[in-house]
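Have a look at the structure below, then the notes.
The values are calculated or read from the model by the stated rules, or taken from the named source; none is laboratory data. Source: prediction; values computed, not measured. Cβ sites come from the backbone with ideal geometry, for glycine too, and all protein chains shown count toward neighbours.
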Amino acid sequence: MSRRGRRTPWLAVLVALIGFAFIALPIIGLVQQVPWRRLWTDLETPEATAALRLSLICSLWATALSVLFGVPLAWVLARVSFPGRSVVRAIVLLPLVVPPVVGGVGLFYAFGLQGLVGQYLYRWFDIQLTYSTAAVIMAETFVAMPFLVITVEAALRSMDRRYEDAAATLGAGPLTVARRVTLPMILPGLIAGAALAWARALGEFGATITFAGNIQGRTQTTPLAVYLLLQSKPEVAVGLSVVLLAVCVAVLALLRERWLGAG
Amino acid sequence: MSLAARIVLHLGSLDLDVELRADDGETVAILGPNGAGKTTLLRALAGLLAIDRGLIELDGTIVDDGARTFVPPEHRPIGVVFQDYLLFPHLSVLENVAFGLRSRGTRRGVARQAAAASLARSGLADRAGGKPHELSGGQAQRVALARATATEPRLLLLDEPLAALDQSARGAVRRDLRAQLASFAGMRLLVTHDPLDAAALADRLLILEHGRVVQTGTFADVSAKPRSPYVAELVGVSLLRGIARGDHVELPSGASLIVPDAGSGEVLAAVHPRSVSLHREQPTGSPRNVTMGRIDSIEQLGDRVRVRVAGAVPLVAEITPAAVLELELVEGTEVWTAVKATDVTVFPV
């Protein structure tokens, strides 16, 4: 008797192939446009170096701020039950789905010169955030932090809390438990969240251009430079694009085991 | 120096109301079926759960009174060995053992020295640098005990300390644990559902059913007069201590029990009352262990009767009321007991 496997649904495979091609083609299109031999010279132009350096600095700051504020936020969402927790979580995760431009507009009316908080920052401390590098960092943090919160919260929820109990019975107060048990045990989740947040910050465009503007050397990050240079110096734009693409591939590789599963 | 507690606690469907006490140098075993509230009781004592009502008093200090006073776990002089040990996977074995001292403010170097010394006493000096996942079950148990006792707590709580081990490792680890418990000066509270652990490790049993203490006393007391069918089922086995000599176990009375394979050394031989038959005349047949005794007591428990037979091989038989009537059994009657060698289970102690 011959064993017959299930029939392969060829129609579904065909449609899947079209879907795959739709995602793969732009990547191929970009890579085949890269002037590999001149790539280094292109990246050494003033606009490119300024944009790359600014992107690196701002995205690292945004990642650091996301970790600093995101970890306690994730901890509160995972461990403290209070009325309205689901509303707070929804607000924290909103930047994941809100168009970044809308986020930029919101930042403008919160921290801009006439903004909710911004007017007092200006009046009392003479601090003007709009069109500053700080504004870039804020815009990037706004879009990146939810990635960190969602990942760390999941790690905290899936952790076996009895290890924290064990630490408490050994004389560890809440802060010692957090430092010596909880944080080390969720470290893989924290690293994954930070990597995702960093990748998101690096690619930030809409909120940045809306809230921080597009000033070379001060607020013009790599994605903004790519958009502008595509008209005047397309080869530099392509070079910068491929750098961003390479970074994202590296982040995916880092998260391979956690997010993409085996195989 | 003692522990005195009345713990009233509602948690989900569990309604716990238990009174218990323990004295220095004493091991109390808390036995009960799943869901009886054993672990909850331990968690309340450790301070991982607050009690609703009652009082937990340790060496005269109130640590929880269900109202104003609640001493958090990190400030109670209590060590816990958790069910699956819960050794911190990201720390080395040495750092695990040093954790308690470090948390209580001992300097790193001093804490590590003490931890290393304690590991050496447990015969695990060569494991100090390894990670917990590299340990065998028995080694993990010893590390967990070393970690829990490093801060010299007054009360040691052990939650099913042998449940995580496979059957083949249990006997040796149980013997180990008995020696280690004896060297711990404070009070010991052991949660288990295995009557053999209780028989081998505890001075006194406390049996918990549905959140209530149904019986307490020494193993001999409780197994002699089990107060509920569950207790009879749990500790109603006849346990005979003796020396294993290959194919038989030598009892203190001089009599011996034939068994398939006893091994050697000090052992407990367990005989379930269901596998003991009673005869008015000496039976002939396949059972290898046939001895004469005198009926000590007859008790009805549910739908069966427990007959206690005293003699060179003291045993309990569980038979039907009809059999009692037919054989005309009363206290003082001389009877023959018969047990198949294959119905005797032998455990090293």
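Every condition in (1) over 20 Å from the mean Cα position of the chain (by Cα); (2) among the β-branched types (Val, Ile, Thr); (3) surrounded by fewer than 14 Cβ atoms within 10 Å (Cβ to Cβ) holds for A:VAL97 except the one numbered (1). Among the residues of region A:146-156, is there at least one that is within 14 Å of another protein chain (Cβ to nearest Cβ) and either closer than 27 Å to A:GLU204 by Cβ or not β-branched (Val, Ile, Thr) (or both)? The answer is yes; a qualifying residue exists.
Having 1 or more residues that are modelled with pLDDT under 95 and among the small types (Gly, Ala, Ser) is the bar; report the helices (runs of 4 or more DSSP H) wholly within region A:10-81 that clear it. Qualifying helices (runs of 4 or more DSSP H): A:10-33, A:46-79.
For region A:229-257, which positions are charged (D, E, K, R) and either modelled with pLDDT of 90 or more or over 17 Å from the mean Cα position of the chain (by Cα) (or both)? Explain how you work it out, then say what you get.
Here is the first cut: in region A:229-257, the ones charged (D, E, K, R) are A:233, A:235, A:256-257.
Across region A:229-257, the qualifying residues are A:LYS233, A:GLU235, A:GLU257.
Each row is one residue, and each column tells you yes or no for (1) among the charged types (D, E, K, R); (2) within 23 Å of the chain's Cα centre (by Cα).
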{"position": "A:ARG7", "(1), (2)": "yes, no"}
{"position": "A:ALA16", "(1), (2)": "no, no"}
{"position": "A:VAL34", "(1), (2)": "no, no"}
{"position": "A:THR63", "(1), (2)": "no, yes"}
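Determine if region B:18-26 includes at least one residue that is part of a helix (DSSP H, G or I), under 23 Å from B:VAL231 (Cβ atoms) and without any contact (Cβ under 8 Å) to a residue 60 or more places away in the chain. Taking every residue of region B:18-26 in turn, none turns out to be part of a helix (DSSP H, G or I), under 23 Å from B:VAL231 (Cβ atoms) and without any contact (Cβ under 8 Å) to a residue 60 or more places away in the chain.
Are any residues in region B:57-103 assigned to a helix (DSSP H, G or I), out of contact with any Phe, Trp or Tyr (no Cβ under 6 Å at 6 or more places or on another chain) and polar (S, T, N, Q), and if so, which ones? Passing the criteria: only B:SER103.
Conditions tested, residue by residue: (1) among the acidic types (Asp, Glu); (2) touching a helix residue (DSSP H, G or I) at 6+ places or on another chain (Cβ under 7 Å); (3) farther than 18 Å from A:VAL98 by Cβ.
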position: A:ALA201; (1), (2), (3): no, yes, no
position: A:PHE205; (1), (2), (3): no, yes, no
position: A:THR210; (1), (2), (3): no, yes, no
position: A:ASN214; (1), (2), (3): no, yes, yes
position: A:GLN220; (1), (2), (3): no, yes, yes
position: A:TYR227; (1), (2), (3): no, no, yes
position: A:VAL236; (1), (2), (3): no, yes, yes
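Among all residues of region B:93-113, there is at least one that is more than 18 Å from B:PRO153 (Cβ to Cβ), surrounded by 15 or more Cβ atoms within 10 Å (Cβ to Cβ) and within 14 Å of chain A (Cβ to nearest Cβ). Got at least one residue in region A:108-128 being surrounded by fewer than 19 Cβ atoms within 10 Å (Cβ to Cβ), of a type in the set (A, V, I, L, M), in contact (Cβ under 8 Å) with a residue 24 or more places away in the chain and assigned to a helix (DSSP H, G or I)? No, because not a single residue in region A:108-128 is surrounded by fewer than 19 Cβ atoms within 10 Å (Cβ to Cβ), of a type in the set (A, V, I, L, M), in contact (Cβ under 8 Å) with a residue 24 or more places away in the chain and assigned to a helix (DSSP H, G or I).
Assess whether B:THR61 counts as being closer than 13 Å to B:LEU189 by Cβ and surrounded by fewer than 22 Cβ atoms within 10 Å (Cβ to Cβ). Can you show your working first?
On the way: closer than 13 Å to B:LEU189 by Cβ: no; surrounded by fewer than 22 Cβ atoms within 10 Å (Cβ to Cβ): yes.
Judged against the criteria, B:THR61 is not a match.
Restricting to region B:124-166, what's the tally of residues that are assigned to a helix (DSSP H, G or I) and either of a type in the set (A, V, I, L, M, F, W, C) or surrounded by fewer than 23 Cβ atoms within 10 Å (Cβ to Cβ) (or both)? Within region B:124-166, residues that are assigned to a helix (DSSP H, G or I) and either of a type in the set (A, V, I, L, M, F, W, C) or surrounded by fewer than 23 Cβ atoms within 10 Å (Cβ to Cβ) (or both) number 16.
Can you confirm whether region B:193-205 contains a residue that is on the phi < 0 side of the Ramachandran plot, among the charged types (D, E, K, R) and buried (at least 22 other Cβ atoms within 10 Å of the Cβ)? Spell out how you get there, then give the answer.
Pass one, region B:193-205, residues on the phi < 0 side of the Ramachandran plot: B:193-205.
Pick out the ones that are also among the charged types (D, E, K, R) and you get B:194, B:197, B:203-204.
This time we only want the ones that are buried (at least 22 other Cβ atoms within 10 Å of the Cβ), so: B:197.
Scanning region B:193-205, I find at least one residue that is on the phi < 0 side of the Ramachandran plot, among the charged types (D, E, K, R) and buried (at least 22 other Cβ atoms within 10 Å of the Cβ), so the answer is yes.
Selection of region B:33-85 for residues being within 12 Å of chain A (Cβ to nearest Cβ), touching a residue at least 60 places away in the same chain (Cβ under 8 Å) and either aliphatic (A, V, I, L, M) or touching a Lys or Arg at 6+ places or on another chain (Cβ under 7 Å) (or both) yields B:LEU42, B:LEU45, B:ALA46, B:PRO77, B:ILE78, B:VAL80, B:VAL81, B:PHE82.
Just to confirm my filter: which strands (runs of 3 or more DSSP E) fall fully inside region B:252-305 and include at least 3 residues that are more than 18 Å from B:VAL330 (Cβ to Cβ)? Outline the logic, then answer.
Values: elements: B:256-271, B:277-279, B:289-301.
Answer list for region B:252-305: B:256-271, B:289-301.
Scan region B:323-349 for residues that are in a strand (DSSP E or B), of a type outside the set (Asp, Glu) and over 12 Å from B:SER277 (Cβ atoms) and jot them down. Within region B:323-349, B:VAL344, B:THR345, B:VAL346, B:PHE347, B:PRO348 qualify. Within the set A:ALA144, A:ALA178, the sole residue that is closer than 30 Å to B:ILE78 by Cβ and not in a loop (DSSP other than H, G, I, E, B) turns out to be A:ALA178.
More than 15 Å from A:LEU56 (Cβ to Cβ) and either modelled with pLDDT of 95 or more or more than 14 Å from chain B (Cβ to nearest Cβ) (or both): is that true of A:LEU170 in this structure? It is true that A:LEU170 is more than 15 Å from A:LEU56 (Cβ to Cβ) and either modelled with pLDDT of 95 or more or more than 14 Å from chain B (Cβ to nearest Cβ) (or both). Screening the candidates B:GLN180, B:GLN215 for the property of being assigned to a helix (DSSP H, G or I), polar (S, T, N, Q) and surrounded by 15 or more Cβ atoms within 10 Å (Cβ to Cβ) yields one hit, B:GLN180. Suppose the filter is in contact (Cβ under 8 Å) with a residue 24 or more places away in the chain, within 14 Å of chain A (Cβ to nearest Cβ) and in a helix (DSSP H, G or I); does B:ALA169 pass it? For B:ALA169, the condition - in contact (Cβ under 8 Å) with a residue 24 or more places away in the chain, within 14 Å of chain A (Cβ to nearest Cβ) and in a helix (DSSP H, G or I) - is not met.
I'm trying to understand the selection: among the residues of region A:181-218, which are among the β-branched types (Val, Ile, Thr), over 23 Å from A:VAL71 (Cβ atoms) and assigned to a helix (DSSP H, G or I)?
Let us first name the residues in region A:181-218 that are among the β-branched types (Val, Ile, Thr), namely A:181-182, A:186, A:191, A:208-210, A:215.
Then keep just the ones that are over 23 Å from A:VAL71 (Cβ atoms); that gives A:208-210, A:215.
Scanning region A:181-218 gives A:THR208, A:ILE209, A:THR210.
Answer with yes or no whether A:ALA139 is part of a helix (DSSP H, G or I), more than 30 Å from A:MET185 (Cβ to Cβ), touching a helix residue (DSSP H, G or I) at 6+ places or on another chain (Cβ under 7 Å) and free of Cβ contacts under 8 Å to residues at least 60 places away in the same chain. Criteria not met by A:ALA139.
In region A:157-167, of all residues being assigned to a helix (DSSP H, G or I) and of a type in the set (A, V, I, L, M), the one that is farthest from the other protein chains (Cβ to nearest Cβ) corresponds to A:ALA167. Of the listed requirements (1) surrounded by fewer than 21 Cβ atoms within 10 Å (Cβ to Cβ); (2) within 18 Å of B:GLU152 (Cα to Cα), B:PRO33 misses just one: (2). All told, B:ARG288 meets the bar of being more than 30 Å from B:ILE7 (Cβ to Cβ), in contact (Cβ under 8 Å) with a residue 40 or more places away in the chain and touching a helix residue (DSSP H, G or I) at 6+ places or on another chain (Cβ under 6 Å).
Looking across region B:147-162, the residues that are more than 11 Å from the chain's Cα centre (by Cα) and either closer than 27 Å to B:GLU209 by Cα or away from chain A (no Cβ under 12 Å) (or both) come down to B:ARG154, B:LEU155, B:LEU156, B:LEU157.
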